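The values are calculated or read from the model by the stated rules, or taken from the named source; none is laboratory data. It should be emphasised that the depicted structure is a prediction, and the values quoted were computed from it without experimental measurement. Positions of Cβ are generated from backbone atoms using ideal geometry, with glycine treated the same way; all protein chains shown enter the neighbour counts. Ligands, DNA and RNA are stripped out before the accessible areas are found, and what is left, the full protein with its side chains, is counted by its heavy atoms. Shrake-Rupley method; radii C 1.70, N 1.55, O 1.52, S 1.80 Å.
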Amino acid sequence: MALPNAEETGNMAEMEMQWAVKAMSHAETYMGLLRKVGPNNFRLCPIEDELYDDFKANFPDLNLKVLNEDDFKTETAKAKWREFMTKYEHKIHDYNFGSLLRIDCTGDYTEENSMFAMRT
């Protein structure tokens, strides 16, 4: 049986739920490691410095302490993020996989303090 392509799936609720469960599992693992190792000693990928420098060049005014969903969810923002992510298609495994972000970096992953974004 062939899998449907992205255009055919739309927003299938069960697919979104599976994606959210996997993203939450990643978030819990990440938070556990962050607490154990500390933010200064925690590396997510081998090209982290390159990624961070490119991120700062492309999004210099993004407030990282408290995120604004409009910086991620508007059509203009989505296009800018898509352009940024595509550069890492062959450098980062699952570069376009969804991930949970803490809206306020001082808080935990909760329903109120999380939003969904692309991993890269």
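Structure notes:
- Coupling constants for segment 57-68 follow from the phi torsions by the Karplus curve (6.51 cos²θ - 1.76 cosθ + 1.60, θ = phi - 60°), and in residue order they are 5, 8, 9, x, 9, 6, 6, 8, 6, 9, 6, 10 Hz; glycine and proline get x.
- All-pairs Cα distance distribution in segment 81-120, expressed in whole percent, bin size 5 Å: 6, 26, 22, 17, 14, 12, 3
- Computed about its Cα centre, the charge dipole of the chain is approximately 420 debye, with only Lys, Arg, Asp and Glu carrying charge at their Cβ.
- Measuring nothing but alpha carbons in the chain and taking Rh as the Kirkwood radius, the Rg to Rh ratio lands at 0.96.
- Note that the chain presents 74 Å² accessible area per residue, ligands and nucleic acids not counted, probe 1.4 Å.
- Within the accessible area of the chain, the carbon and sulfur atoms contribute 54%, probe 1.4 Å, all protein chains present.
- Pairs spanning more than 25 Å between alpha-carbon atoms, out of Lys36/Lys73; Lys36/Lys78; Lys56/Lys87; Lys22/Lys73; Lys22/Lys78; Lys56/Lys91: Lys36/Lys73; Lys36/Lys78.
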